[in-house]
1. Given the Cα-Cα distance of residue B:614 and residue B:186 and 0.36 nm per residue of separation, how much length would full extension add, in nm?
2. Please identify every one of the trypsin sites (Lys or Arg not before Pro) in the range A:1-94 that sits in a loop by DSSP and has no more than 10 other beta carbons within 10 Å of its own beta carbon.
3. Between Rg and the Kirkwood Rh of chain B, both from Cα atoms, what is the Rg to Rh ratio?
4. For the pair residue B:486/residue B:641, report the inter-label distance in nm, with labels modelled 7 Å from Cα in the Cβ direction.
5. Between the DSSP loop rule and a limit of at most 15 other Cβ atoms within 10 Å, which trypsin sites (Lys or Arg not before Pro) in the range B:346-445 are left?
6. Treating only the Cα positions of the range A:1-43 as identical point scatterers, give the base-10 log of I(q)/I(0) from the Debye formula at each q in 0.14 Å⁻¹.
7. Could you work out the per residue convex hull volume over the alpha carbons of the range B:338-388, in cubic angstrom?
8. Which whole-number percent is the relative contact order of chain B (Cα, under 8 Å, 6+ apart)?
Amino acid sequence: MKKAGIIMIVGSLLLLGLFKFPLWNIMLGAPQYPDPLGMNIYVDGIRGVSEFDIQNLDGLNHYIGMKKIPKPEEMWEFSVFPKVVLGMSLLGVLLGILGFMKKISPKYFLGWFVLMAVLGILGMYDFNNWLIDYGSNLDPKAIIKAYNPDGSPMAYKPPLLGHKQLLNFHVTSLPHTGGYLMFVGMTLTLIAYWVGKKSTQMQSKR
Amino acid sequence: MIKITKLPLAILAMFMVLSSCNDAKKSDGKSGALSSNVAERVYVAPGQHDEYYAFISGGYSGNLTVYGLPSGRMFKEIPVFSQFPTSGYGYSEETKPMLNTSHGFVPWGDAHHPDISQTNGETDGRFVFINENNTPRIAKVDLTTFETTEIIEIPNSAGNHSSSFVTENTEYVVAGTRFSVPIPQRDMPIKDYKGNFKGALSFLSVEPEHGTMDLSFQILMPGFNYDLAHPGRGESHGWFFFSTYNTEEASTLLEVNASQNDKDFIAAVNWKKAEEYIKAGKFKTMPANYAHNVYDEATHTATSTMKKEVRVLNASELPGLVYLLPTPKSPHGCDVDPSGQYIVGNGKLSANLTVHSFTKMIDAIENKKFDGEAYGIPILKFEDVLAGVVEQAGLGPLHTEFDDKGNGYTTFFISSEVVKWKLGTWEVLDRQPTFYSVGHLTIPGGNSRKPTGKYMFAMNKITKDRYLPTGPELEHSAQLYDISGDKMELLLDFPTHGEPHYAAAILASKVAPNSKKIYKLEDNEHPFAAKSDSETKVVRDGNTVHIYMTTIRSHFSPDNIEGIKVGDKVYFHVTNLEQDFDVPHGFAVIGQNTSELLIMPGQTKTSVWEPKQVGVWPFYCTDFCSALHQEMQGYIRVSAAGADTPLKWSMGEDIE
Ligand SMILES: [Cu+2]
């Protein structure tokens, strides 16, 4: 159970990588943008990959009537997400310590993982809703109005994950360093549960 | 133990020698007679970049053009000494001061010899300096922005030809006068030229970090014509060499009267000695009047300052400052090889090349082996300083450049050819025709201690029959040769713009990574900048109106302006809010008496407009900037001189 506790602590601490590295990255490239424009999504806001990417994306988006990319203070998510991440990380560390001292059963580790997964899915759901709103809630006076083959107005929602073509832009959306650290961390907490379970089984056999 | 560790090294060294042999063979094969397709060797595929930048002077266009090598594609024309409506250079309020001189606003120039700044004798790709021949000036072009950022006028000078060459750490840029004139200028009979006219050689110091120029001192010389110049390199660092003609000091029909002496001179100037004399206070401060124009990248604005004096050293009175090396038949080119040992003086009326030895020169000076003097300046004995002669190489030798293998390449104007010869043995190795009447030639880095001996290009004065005709006037032509093999090989003809007087070339990798993509809007300190639509405004001050205007794809702000009156002086201060590479906006208003503007991202430029007629007049963007470029327009309402139309401006107001 000592080993499991350490793994749990390490896994939970990896969440803190989200305060340094972006969770997600969306890149937009077109022939006339040989250096693609990109935005990095952090837990506390959206920043351009290069210095003026956000300004240049907003400049392009105004043709299709898209809202400006939100500043951190314009979305409640960017004040709540950091607190959730910090809270979950501290909780995980606490559980790890308790596990290390054999005060709790490894099931708590699994519980943490499930809670984190639920919060993560909720976060993704929220993020996707924001993308839908951002890509389809357009200014009716927009300069360019594009339509799908069925006649419905075209939406410009970037993909949640993977690649999509939006007009002349190739849009690629993938997790970034912070996101990968979080996935590794969560996997470690799951491993902590397995390791802890095995060691308690061994102990009970003895 | 030692032997064991050395063995693999030895094997490695052998392998390297072998493999480099193979490489040499390969490249030889390529450039030999049975070579592969010539087109292939100058072809730069779409999207690929050239290996070298070439900066070719535009002569009478007053500009500097930027080409790629080996493709010969022209990338840019940089306005230096001439107004340029394409960008508004010399027309915009910010750049008009760049063309200020003691003769007032001079909107044109004759740009001759570009030279790239150097560090430790190697081109460093920071700046290109270029001289103006007609109204003597030296300009500096910054290679981060490819813009002219400084111009300094040269007083006491006329026909600024032996210029603008730089010393090996860019300590000085030199500006030698072609024409001798009365110094100070005064009303006197022209026939009294001899003994009364003087020639000034100017040394402009360059501040190491920012490149700011300052006319440090001038050396007053006898009234000869100073044709070309070259700084010493390596062992001869500290010396500057100037070729002369008209040592006869004739003032009329020079084609005859200046060709009487069998030998003219190369003047060897010890500029380290000049520095000592300056330090020792052996100079005279002369009153002068010359412009120093500096462009500030933060305010996007040039200022012109008139300077009032200059420090002068008199070569006739200061021993050890200048020596004269006799050189046959009106030498034109004056070129120093990369080692700094050989000084080539090409007598343009001779068939031979004369090469002086720096070591022999120093030896002759130390042993005081003089052959008389001219105006107190010692003349050395021709035989004492001669390193060798390239015999009967061609007709009318002009200029010499050097490769990295100890060879010189000399152009022959009259026989239209480039001749390759060996330094030290003075034997002719190869000759190739040029088409036609070649002037200068350039080898990248050929002016420095580290030439790259891959390409050479010759710049010709006559083009006839090389391209489709374009009426009586043809653009001049440059010709690119592969010089990596034993024999030169013509690869490409390409037209140049203006007169390709001389050029400097450099590896693209030394310049391209530092090239700016935008000006940062937050660093814009232009006093009339509007950094967002909310900062736009129109301010009246008597008859003067300042419009603080912004542009972004695809609108002007404001785009409706009212309350302007006939007789007003309207300043459009236009700030481009874009922060994206290669997205300038243009500005033009009907009846403009200046030119349109082309405003780079983050930049502010000002155009003055003086409406003479009542009406509602359009302005628009001249640079196709976006899908809605055509809609990028606005109106300015002009009322009668006494009207009381209120000053009003707006953009995007709902009008229904
Ligand atoms: Cu425009």
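Every number here is computed from the coordinates shown, using simple stated rules; none is lab data. Note that the coordinates shown come from a computational prediction; the quantities given were computed from them, not determined experimentally. Every residue, glycine as well, gets a Cβ built from its backbone with ideal geometry; the counts of neighbours run over all protein chains shown.
1. Working: separation 428, 0.36 × 428 = 154.08 nm, distance 5.04 nm.
Contour length minus the Cα-Cα distance gives 149.0 nm.
2. Loop-located and lightly packed - A:20.
3. Working: Rg = 27.9 Å, Rh = 27.0 Å.
Using Cα coordinates only, the ratio equals 1.03.
4. Output for this residue pair reads 8.3 nm.
5. Details: sites: B:348, B:360, B:368, B:369, B:381, B:405, B:420, B:422, B:431; in loops: B:348, B:368, B:369, B:381, B:405.
Counting only loop positions with at most 15 other Cβ atoms within 10 Å, the trypsin sites (Lys or Arg not before Pro) in the range B:346-445 are B:368, B:369, B:381, B:405.
6. Computed log10 I(q)/I(0) values: -0.53.
7. Numbers: hull volume 5.1 nm³, N = 51.
Per-residue hull volume (Cα only) is 100 Å³.
8. On the way: 1826 pairs, mean separation 71.1, N = 656.
Once divided by the residue count of chain B, the mean separation gives 11 percent.
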